[in-house]
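Some notes on the structure that comes next.
The values are calculated or read from the model by the stated rules, or taken from the named source; none is laboratory data. Fair warning: this is a prediction, and the values are worked out from it, not measured in the lab. Using ideal geometry, Cβ is built from the backbone for each residue, glycine included, and neighbour counts are taken over all protein chains shown.
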Amino acid sequence: MFRRKKKDEKTESPPVAEAASEDAAPAAPMADALSQVSPGEATLEVTPSAGESAAESRAPEPRISSRRGNRVQKVGIVSSDKMQKTVVVRVDRLVLHQKYRRYVRRTSRFMAHDDLGSSTGDRVRIVETRPLSAKKRWRVVEILQKAAK
């Protein structure tokens, strides 16, 4: 679909204009580094804000993301709270039936660790976590709605 450029078909980037002011002098090494980057490589653009000094804008602060990544979250209703610190959460979803083209309700049950003290009928948000027992791989993060009594 897309054709890769061959090594001998290098595209020349336009030369970077030298600035006469002293404020642009720290940006020259960054401009040299950007001119050496090939079109397929990722680049980092740093623009200093009004409150930063020239010394702070030289070294960009790396953004540290969570090592765990985005964990799957589900919202469901607690169907059983008979165990200690464990609840069974029922998660419903609608699936399109292949033959009849109608939406069918499918239910999944998850065992979740519960330190918050939710009870049967509560609407909770659960998040995946490391295996806590043979069947427990989810944890209750928050109680969205308490059950009507």
Worksheet item: Taking the stated definitions as given, is Met111 part of a loop (DSSP other than H, G, I, E, B) and of a type in the set (A, V, I, L, M, F, W, C)?
Response: no
* Asked: Quick one: would you say Gln73 is under 16 Å from Glu142 (Cα atoms) and among the polar types (S, T, N, Q)?
  -> yes
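Each row is one residue, and each column tells you yes or no for (1) touching a Leu at 6+ places or on another chain (Cβ under 8 Å); (2) of a type in the set (Asp, Glu).
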| position | (1), (2) |
| --- | --- |
| Leu94 | no, no |
| Gln98 | no, no |
| Asp115 | no, yes |
| Val124 | yes, no |
| Leu132 | no, no |
| Val140 | yes, no |
| Ile143 | yes, no |
| Lys146 | no, no |
Selection from region 96-149 of residues within 22 Å of Arg68 (Cα to Cα) and over 27 Å from the mean Cα position of the chain (by Cα) yields Ala134
Residue pairs within 7 Å by beta carbon, gap of at least six or interchain, first lying in region 68-85 and charged (D, E, K, R), second modelled with pLDDT of 95 or more and in a strand (DSSP E or B), listed first then second, are Arg71/Val127; Arg71/Glu128; Lys74/Val91; Lys74/Ile126; Asp81/Val87; Lys85/His113
Quick count over region 86-133, residues being among the basic types (Lys, Arg) and closer than 21 Å to Gln145 by Cβ, is 6
Check your understanding: Within the bounds of region 122-143, is there any residue that is in a strand (DSSP E or B), at pLDDT 95 or above and aromatic (Phe, Trp, Tyr)?
Key -> yes
